[in-house]
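All remarks here apply to the structure that follows.
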Amino acid sequence: MKQFFAFVKKEFYHIWRDKRTLFILLGMPITQIIIFGFALTNEVKNSKMAILDFSKDVSSHELIQKISSSKYFDVSNVLTRYDEVEPLFKKGKIKVVLVIPQQFSNELLHANQTKLQLICDASDPNVANTIVNYATAIIKDFQNTIVQDQKLPYRIETEVRMMYNPELKGAYSFVPGVMALILMLTCAMMTSIAIVKEKEMGTMEVILVSPLKPFRVVLAKAVPYMLLSMVNVITILLLSVYVLDVPISGNLSLLISESLLFTITSLALGLLISSITDSQQVAMLISLMGLFLPTTVFSGYMFPIENMPLPLQIMSNIVPAKWYYYIVKTIMIKGLGFTYVWKETLILIGMTVVLFAFSIKNFKTRLA
Amino acid sequence: MNKEKVIVAEGLTKRFGDFVAVDHISFEVSKSEIFGFLGANGAGKTTAMRMLCGLSIPTSGKALVAGYDVFKDTDNIKNSIGYMSQKFSLYEDLTIRENIRFYGGIYGLTKKQIQDKTSYLVDHLHLQNHQNSLVKSLPLGWKQKLAFSVAIVHDPAIVFLDEPTGGVDPVTRREFWELIYDASERGITIFVTTHYMDEAEYCNRVSIMVDGRIEALDTPKALKINYDSASMDEVFLKLARKAVRGE
Amino acid sequence: MAAVIVENISKKYQVEKTKVTALNGISFEVAKGELFGIVGPDGAGKTSLFRILTTLLLADAGAARVEGYDVVKDYKEIRKTVGYMPGKFSLYQDLSVEENLDFFATIFNTSISENYDLIKDIYQQIEPFKKRRAGKLSGGMKQKLALCCALIHKPSVLFLDEPTTGVDAVSRKEFWEMLQRLKLQGISILVSTPYMDEASLCDRVALMENGKILAIDKPSIINSKFSKPLWAVQSNNMFALLKSLKNWEAVSSCYSFGEFYHVVMKSEEKGSREIEEFLMKNQFQEIVIKQIDANIEDSFMALMHTSNE
């Protein structure tokens, strides 16, 4: 055990003395959170909206008032004819048009039924989807106030509810994503590079010709990166709570334990990478192409997996980050307990065991 | 001895902060001379050689290499010298022919010249059966001989050799020196460093650097007489033991 | 019992599409407490042999034992008992001298103080720099530190793969003096080197070339087996002399050695008188000719010559 700790201590020296790498490792989560949180937000704010109001009555005025007062929409044009709509879209001046039919108030109040039309620029479907959702939510809200005022029993049911994220904040979905990404990078990439570096420098040769059990060497190299990853997890959580106002709805210790599990999964991946290559460059490339890319693409935080073609959907199942992302989302955002994530946890444990088995089998007690 | 000077250095100095790596060295090397440049690790050999190759600007002093100033004319210097070291020589993943073509190309030889040179070198070094094999498949000794030939493919005024024979077997080592003599007869000046003291005896003149200064410079014969030694090895040990500084 | 026994070891490598023979049926023994040299140029197979003996590589054929342990089956035992210094500087450049030594002591389950006696001699030379990072040491000091690290657990057999390559003549001399002192402590030492002149500093040497052993014996005995008379020749124009001698059909071999050429004649009847006559006829002046004893490099080249035939 003393040997093991001596090794871990040495690993800390390496990390501590390579200030530039340390800075990147600890700075990465901070910059990621800040970039995603403020620059790359999925939120759609101040979308330009044109109004084609055929009724021009009290209710339509109220509705327009409500929409333009929200931060999501800017009413930029008031139209009078249908054929004005398309030119505006073509010029890219507006994102959405709200068409209010004649007799809007009348129909709403007396016939209890009316139809509104939303015409949306869907060249960017994600944005269009969000805009429609926002608009629908506002209209719904508007309807509710009228219904309350009139105390009428009858209304149209178009249920669109923004669950768990009532304000539709973009930060909610990317915080778990960034966590998956950072853990994958610090753990898998850094561990594999650190091990391969020993091979490259020739120190592995001397270490192998010592009574130290080879696999312990590798584990000792992983420990510091595990700790570093946990520091990163805590940094991310602190930033998301205090800077981005994304609360942790679920159990914090459960969240931390799941993160630890995912750290170990990433570690096993790193060991596997280090066992198949002898150069730092290759280890880095494999980590980036084999881990970073799938994590971003298949974890579901950038692109919804449900929208992918079936083969890709199936493929996404072997990406550990997908499961971790789901777990974090469930615990952190939805505030649900272990009973809701035990299956995903089991999958992650299974993956970890398989990966470890592979890397142990692949680990060489000799050179070449 | 031929009087045309190919290298003239006067008070050449290089400092790194407080550390004086090369301390006022002065010497001259004549055309087609084989000049041995010896010194313990850290005596300042590499730094001095870099300055002469135009890779590093001296802190003070003067030096002309092939008639060009090491402060101002480094581009011209690079065109008139060849360089070869044990560590950097040829591209391992290119074939022999490709290496010759590449180096001929970067020194601006014409297609015709490259072709002539290639067939001459392949013949001369007995590589007919290997001209299209990758350099990494060759034994070290062959590689070093080829690397030397490639370093002088453009008939430079001077060729700098940095420990060219390290690890090479004794027979090939001597064949290598025959190539050096050959080049010298063709008028190329040879500036060579080595750790093999018997090779120092093959040089026309030898300089020995200690702590950044040239401590001795003469023919091997004269050095042995002056230092009352039976071999260059002894001369070197007597001088290098005086060193105070490490690397 | 011998410290190292090597029986018929062979090893091939795959390079691109061709198989390269690194070791071709090598056998030898190293006695306990012996300073045994393996002398040969790069590519002779020295590093492969060291890696097989230190259990880092598996041989294709043959067997080897270190301190009675089989290099394949008992590799764990061997790793506890040997010290190894690879050809490339293999310490942590970002750790200090002291930290490196401490680290290696700990992974070998010992401490610096426990075996300080053994390394004291060498360590004292680098102790003033013990806070310095290993990467910032000079070549000679790095080598001393590496030797300390390889010795810290008091190994009974020490494997040093080309410890003096790229090191200047002064440090080389010091290093060999250290090895002589270690030998007195009863440690068996296997050391490889491409420098022929270092062979004379070993108790016994194996001369290696192209994966084969050309000769194994005491250096003096190897030299005494040099069968033909050897002449050292010198004149005014050395390069012209070399060409003339090489083109003379009576000469069997002619190699430069420092300020002389070492010449072997095809027929033993021809001696200094015939050589002198030939040189006079070719207008050489200041001619010096003397008969000399072969050194290890003469022997090596002669053996290389016969093994290639």
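Footprinting exposure proxy ranking of C:Ser256, A:Ser59, fewest other C-beta atoms within 10 angstrom first, gives A:Ser59, C:Ser256. Ranked by the mean number of other Cβ atoms within 10 Å of their residues, highest first, the peptides B:56-62, A:17-23 fall in the order B:56-62, A:17-23. Under the Kirkwood approximation for Rh and a Cα-based Rg, what ratio Rg/Rh is obtained for the protein assembly as shown? Radius of gyration relative to Kirkwood radius: 1.14.
Rounded to the nearest 500, the 222 nm mean residue ellipticity of the protein assembly as shown from helices alone is -13500 deg cm²/dmol, with -39,500 (n - 2.57) taken per DSSP H run of at least 4 residues.
Normalised Debye scattering of chain A at q = 0.15 Å⁻¹ gives log10 I(q)/I(0) of -1.23, counting only Cα atoms as equal scatterers and leaving out solvent. For chain B, the Kirkwood radius over C-alpha pairs fed into Stokes-Einstein at 10 °C and 1.306 mPa s yields D = 85 µm² per second. The spacing between the range C:7-21 and the range A:223-267, judged by their C-alpha centroids, is 51 Å.
Residues A:Glu306, B:Glu92, C:Glu99 in ascending order of nearby Cβ atoms (within 10 Å, fewest first): A:Glu306, B:Glu92, C:Glu99.
Using the structure shown, list the pairs from A:Lys364/C:Lys73; B:Lys14/B:Lys45; A:Lys361/C:Lys17 with a Cα-Cα distance above 19 Å, or answer none. Checking Cα-Cα distances, A:Lys361/C:Lys17 exceed 19 Å. For the listed residue pairs B:Lys72/B:Lys242; B:Lys221/C:Lys130; B:Lys87/B:Lys242; C:Lys12/C:Lys154, the alpha carbons are over 31 angstrom apart in B:Lys72/B:Lys242; B:Lys221/C:Lys130; C:Lys12/C:Lys154. Note on the range A:47-150: Rg/Rh from C-alpha atoms, Kirkwood Rh, equals 0.96. Centre-to-centre separation between the Cα atoms of the range C:98-142 and those of the range A:278-317: 46 Å.
Across the range B:198-204, computed HN-Hα scalar couplings (Karplus, 6.51 cos²θ - 1.76 cosθ + 1.60, θ = phi - 60°) run 5, 5, 4, 5, 7, 7, 5 Hz from first to last residue, x flagging Gly and Pro.
Quick check for you: which residues of the range B:151-189 have the amide N under 14 Å from the point 7 Å beyond the Cα of B:Phe102 toward its beta carbon? So the set is B:151.
Peptides C:266-274, B:163-171, A:264-272 ranked from most to least packed give A:264-272, B:163-171, C:266-274, packing being the mean of other C-beta atoms within 10 angstrom over each peptide's residues.
Taken over chain C, the percentage of Cα pairs per 10 Å bin, counting from 0 up to the bin with the maximum distance, is 6, 24, 27, 21, 13, 7, 2, 0. The mean number of Cβ atoms from other chains found within 10 Å of a Cβ in peptide C:163-170 is 6, as a whole number. The label point for C:Ala232 and the one for C:Glu127, both projected 7 Å from the Cα toward the Cβ, are 4.3 nm apart. On the beta carbon distance between C:Thr21 and B:Glu185, with R0 = 35 Å, the FRET formula returns roughly 0.35. Applying 1/(1 + (r/R0)^6) with r as the Cβ-Cβ distance of B:Ser60 and B:Asn132 and R0 = 56 angstrom yields a FRET efficiency of 0.65.
For the pair A:Ser249 and C:Gln291, label points projected 7 Å from Cα toward Cβ lie 10.4 nm apart. Taking every residue in B:218-225 and counting other chain Cβ atoms within 10 Å of its Cβ, the average works out to 1. The Cα atoms of the range C:227-292 define a convex hull whose projected area, averaged across directions, is 3.9 nm². For the cross-link pairs A:Lys19/C:Lys142; C:Lys243/C:Lys290; B:Lys224/C:Lys142, the ones whose C-alpha atoms lie over 26 Å apart are B:Lys224/C:Lys142. Just report the Cα centroid separation between the range C:213-289 and the range A:1-79, whole Å. Using only Cα atoms to place each centre, the spacing works out to 84 Å. Averaged over B:170-176, how many beta carbons belonging to a partner chain fall within 10 Å of each residue's beta carbon? Across the residues of B:170-176, the mean count of other-chain Cβ atoms within 10 Å is 6. Simple spin-label estimate for C:Val72 and C:Glu29 gives 2.2 nm between the two label positions (7 Å along the Cα-to-Cβ direction from each Cα).
Our summary of shape: the Cα atoms of the range C:142-230 have principal axis extents of 46, 27, 25 Å, ordered from largest down, in whole angstrom. With a Förster radius of 60 Å applied to the beta-carbon distance between C:Lys246 and A:Leu310, the computed FRET efficiency rounds to 0.15. Close amide H contacts of B:Gly82 (hydrogens built in the peptide plane, cut-off under 5 Å, sequence separation of 5 or more or a different chain): B:Ile158, B:Val159, B:Phe160.
Near the amide H of C:Asp60, within less than 5 Å, lie the amide hydrogens of C:Ser10, C:Lys11, C:Lys12, all on another chain or at least 5 residues away, with H placed in the peptide plane.
Each peptide in B:191-198, C:120-127 was scored by the mean count of other Cβ atoms within 10 Å over its residues; highest first, the order is B:191-198, C:120-127.
Any read-out appearing in this document is the output of simple, stated calculations on the displayed coordinates, not a laboratory observation. Bear in mind the structure is a predicted one, so any value in this text is a computation, not a measurement. Because the Cβ atoms are built from the backbone with ideal geometry, glycine has one as well, and the counts that use them run over all protein chains shown.
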